[in-house]
1. On the basis of being open to solvent by 40 Å² or more (accessible area, probe 1.4 Å), outside any strand (DSSP E or B), closer than 16 Å to ILE335 by Cβ and of a type in the set (Asp, Glu), does ASP170 make the cut?
2. Can you find a residue in the range 306-321 that is farther than 18 Å from LYS295 by Cα, crowded, with 21+ Cβ neighbours inside 10 Å and in contact (Cβ under 8 Å) with a residue 24 or more places away in the chain?
3. Please specify each residue of the range 148-165 satisfying the condition of being open to solvent by less than 20 Å² (accessible area, probe 1.4 Å) and assigned to a strand (DSSP E or B).
4. Before we move on, is PHE166 within 20 Å of ARG317 (Cα to Cα) and touching a Phe, Trp or Tyr at 6+ places or on another chain (Cβ under 8 Å)?
5. Can you find, within the range 354-399, the residue that is surrounded by the most Cβ atoms within 10 Å (Cβ to Cβ) among those that are over 24 Å from ALA261 (Cβ atoms) and touching a helix residue (DSSP H, G or I) at 6+ places or on another chain (Cβ under 7 Å)?
6. Identify all residues within the range 246-279 that are surrounded by 15 or more Cβ atoms within 10 Å (Cβ to Cβ), assigned to a strand (DSSP E or B) and among the basic types (Lys, Arg); write none if there are none.
7. Based on what the data block shows, is ARG263 touching a Leu at 6+ places or on another chain (Cβ under 8 Å), within 14 Å of ALA362 (Cβ to Cβ) and not aliphatic (A, V, I, L, M)?
8. Can you tell me which residues in the range 386-399 are within 20 Å of ILE239 (Cα to Cα) and not in a loop (DSSP other than H, G, I, E, B)?
Amino acid sequence: MKRILSISALAAAVTMLFPSCEKDSGLVESQLIYFGITEPYTRIGGIAFTVDNTTMMITNDEPVPANIDLSSVKPYFITNHESKGVFVKGVEQLSGVSKQDLSAPVKYEVVSERETLVYDVIVTKSEDIKTQAGVKLSGLSDLVAGIGEETEMWIADGLRFSETEFTTTDGRSLKMDLFEADLSRDDLYLYPLTAGDFNDPLPETEEWPVQTITEMAGAAGIEVLGAISGDFFEASGVIIPEGPVCRNGKWLKESFHSEKANRYFGIRKDGRASLGGISAMLSLMDNMTFAIGGKEYLLTEDAPADEIKSRSDLDSRTGIGTNRLDHKMVYIVTITGDEGVTLAETAQIMKAFGTSEAINLAGGDNTSFVIREGSSLKAKNRPEEQMKKVPDGVAIVKR
């Protein structure tokens with residue numbers, strides 16, 4: 001998704017670009033520099049628009065989902081310099097207040113002392129895709145051939161869950177489950193679930209207790225909004241998490257157990273996400289409040305990681321990642337279905353939703369999702385009776 005900036009950030013950017021704004025400078029005074037139908041600071045669900053001051057066209061960067069009513073929306077906009085106002089058919093418009101019917105093209109006039117500029121606002125809408133997740137998946141034309149059943153729900157403010165069925169260009173039928181969590185909010189945080197109630201590290205050779213993710217989330221004593229099972233390592237009948245586990249700044253496990261399981265995903269005390277290898281974790285241990293182990297990098301700085309590009313093996317996949325802007329958005333995705341997907345395809349899908357850095361978590365039949373619906377937790381990607389018992393998991397929690 002294109003970056004959606006706040007009005008204050010945009011205004012600051014304009015001031016930096018045009019510090020003097022003198023009337024005799026030759027600069028156009030009445031340009032629109034931002035236009036959108038969702039609030040500029042919306043971190044989840046924002047719809048990005050492009051303002052082209054050459055063609056005088058304003059268009060959305062990807063189609064609006066079919067179920068969005070464009071007949072009465074409140075556009076948000078920002079102008080540069082000292083415009084006298086923005087008008088539609090002679091009626092002054094107020095950003096985020098005035099309603100417009102954008103189901104057909106509309107002309108917006110930006111008036112200043114020198115001139116009036118006229119923009120054509122044209123909003124493209126999907127004919128049949130109902131959710132933003134479906135729209136974003138359909139944009140991956142080299143991977144996705146069609147969108148099937150799709151649902152989305154806001155579990156809480158700042159937390160959206162999407163479930164989308166799709167077919168690939170080579171005929172696989174798959175389903176994506178996606179959490180998008182805005183951890184810049186004070187009321188949401190990540191919490192590592194463990195099977196069993198213990199607050200001190202267990203011996204490295206001792207088997208951890210195991211439960212399904214539903215059992216763990218239900219027994220945590222906190223309001224879990226959604227949760228996913230974590231990675232685990234099993235050898236000689238001993239089951240333990242593959243990587244580190246940190247809860248509320250206390251490390252229940254610090255080690256990694258294989259060359260493949262040498263990544264972590266964590267949250268620092270300042271609320272920013274952090275992911276990396278052993279050396280990065282060791283340097284940040286005193287500043288971490290949450291951590292869980294994982295396997296390969298999926299995305300590094302917006303690009304699929306080199307270590308997954310040559311791998312063609314298919315399986316169910318789970319990834320966890322964050323955004324580039326402030327590392328306070330968290331994305332957790334699971335993809336299941338016919339044969340599964342490659343790690344590179346998982347990275348491609350996560351990038352489409354705004355993820356810039358991500359690691360691979362559990363895959364295959366190890367991964368299970370639950371979400372809160374009302375007062376109960378509901379299994380999503382597999383029936384409760386088919387859930388595998390695991391030693392740990394990741395929960396999105398409401399304070």
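The values are calculated or read from the model by the stated rules, or taken from the named source; none is laboratory data. The shown structure was predicted, so the numbers you read here are calculated from the model rather than taken from an experiment. Cβ sites come from the backbone with ideal geometry, for glycine too, and all protein chains shown count toward neighbours. To get the accessible areas, we keep the full protein, side chains included, count just its heavy atoms, and leave off ligands, DNA and RNA. Shrake-Rupley method; radii C 1.70, N 1.55, O 1.52, S 1.80 Å.
1. Judged against the criteria, ASP170 is a match.
2. Checking the range 306-321: not a single residue is farther than 18 Å from LYS295 by Cα, crowded, with 21+ Cβ neighbours inside 10 Å and in contact (Cβ under 8 Å) with a residue 24 or more places away in the chain.
3. Matches in the range 148-165: GLU150, ALA156, LEU159, ARG160, PHE161, SER162, THR164.
4. no
5. Once the filter is applied, the top-ranked residue is LEU377.
6. ARG247, LYS253, ARG263, ARG268
7. The answer is yes for ARG263.
8. Listed by number, the residues that qualify are GLN386, VAL390, ASP392, GLY393, VAL394.
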